[in-house]
1. Does residue 91 fit the bill of being at pLDDT 90 or above and of a type in the set (Asp, Glu)?
2. Which pairs do you get when a residue that is closer than 16 Å to residue 56 by Cβ and touching a residue at least 60 places away in the same chain (Cβ under 8 Å), found in the range 74-99, comes within reach of a residue that is open to solvent by 70 Å² or more (accessible area, probe 1.4 Å) and hydrophobic (A, V, I, L, M, F, W, C), reach meaning Cβ atoms under 9 angstrom, with the pair 6+ apart or on two chains?
3. Restricting attention to the range 17-59, report how many residues are part of a strand (DSSP E or B) and either under 19 Å from the mean Cα position of the chain (by Cα) or not hydrophobic (A, V, I, L, M, F, W, C) (or both).
4. Has the range 122-133 got any residue that is among the small types (Gly, Ala, Ser) and under 22 Å from residue 44 (Cα atoms)?
5. Which of the residues that make up the range 47-59 are open to solvent by 40 Å² or more (accessible area, probe 1.4 Å) and touching a strand residue (DSSP E or B) at 6+ places or on another chain (Cβ under 7 Å)?
6. How many residues are open to solvent by less than 60 Å² (accessible area, probe 1.4 Å), in contact with a strand residue (DSSP E or B) (Cβ under 6 Å, 6 or more places away or on another chain) and not in a strand (DSSP E or B) if we restrict to the range 60-92?
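The values are calculated or read from the model by the stated rules, or taken from the named source; none is laboratory data. The structure presented is a predicted model; accordingly, all values stated were derived computationally and were not measured. In this analysis, Cβ positions are derived from the backbone assuming ideal geometry, glycine residues included, and neighbour counts consider all displayed protein chains. What goes into the accessible areas is simple: the full protein's heavy atoms, side chains included, and nothing from ligands, DNA or RNA. Shrake-Rupley method; radii C 1.70, N 1.55, O 1.52, S 1.80 Å.
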Amino acid sequence: MQTKITRIERDQPEMLEIRCHTLSDEVREIVAFVKSRQGQLTGTADDRLYGVAVSDIYYIESVDNKSFFYTKNKVYESKQKLYELEELLGEKHFLRVSKSVLLNLMKVSAIKPALNSKFTAVLFSGEQVVISRKYVPVLKKALKGEV
């Protein structure tokens, strides 16, 4: 597959165009990756409001009916519920891995077995997130590209 990048003027909108003979798995994967890099969430930290790129979020956790998203160096509180964030981020490589956690699969460096049929996701930040056994089958499908 050939690639071509054309620089444009600042007043023109940026656009990614894919020209292909068939909609192959490779093309679908490229489209999914590009979509996963778009967008941002709004969160609060230090009594200030921030816009955080979705691609910078490692995981999202719900604690005491509050949602928090974690980046490499900071934690932000979101006004949205975990189920709302799950719907919003479903196409952006986020996957529910427990009752209270959404995981950004693009930030996982390794997955290793843990006790009681659970798994642990090791993130590029060094943090570890427990994957409940109920969600292991969905995770396996997602890693195979079936979700």
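1. Against the criterion (at pLDDT 90 or above and of a type in the set (Asp, Glu)), residue 91 does not qualify.
2. Short answer, once both residue conditions are applied: 93/33; 93/106.
3. From the range 17-59, those part of a strand (DSSP E or B) are 40-45, 48-53, 59; that's our starting set.
Retained after the next criterion (residues that are either under 19 Å from the mean Cα position of the chain (by Cα) or not hydrophobic (A, V, I, L, M, F, W, C) (or both)): 40-44, 48, 50-53, 59.
Looking only at that region, the number is 11.
4. The answer is yes, given that some residue of the range 122-133 is among the small types (Gly, Ala, Ser) and under 22 Å from residue 44 (Cα atoms).
5. 49, 50, 51 - these are the residues of the range 47-59 that are open to solvent by 40 Å² or more (accessible area, probe 1.4 Å) and touching a strand residue (DSSP E or B) at 6+ places or on another chain (Cβ under 7 Å).
6. Residues flagged as open to solvent by less than 60 Å² (accessible area, probe 1.4 Å), in contact with a strand residue (DSSP E or B) (Cβ under 6 Å, 6 or more places away or on another chain) and not in a strand (DSSP E or B) within the range 60-92 amount to 2.
For every residue, the table says whether it meets (1) of a type outside the set (Val, Ile, Thr); (2) within 30 Å of residue 15 (Cβ to Cβ).
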position: 29; (1), (2): yes, yes
position: 55; (1), (2): yes, yes
position: 64; (1), (2): yes, no
position: 97; (1), (2): no, no
position: 132; (1), (2): yes, no
position: 140; (1), (2): yes, no
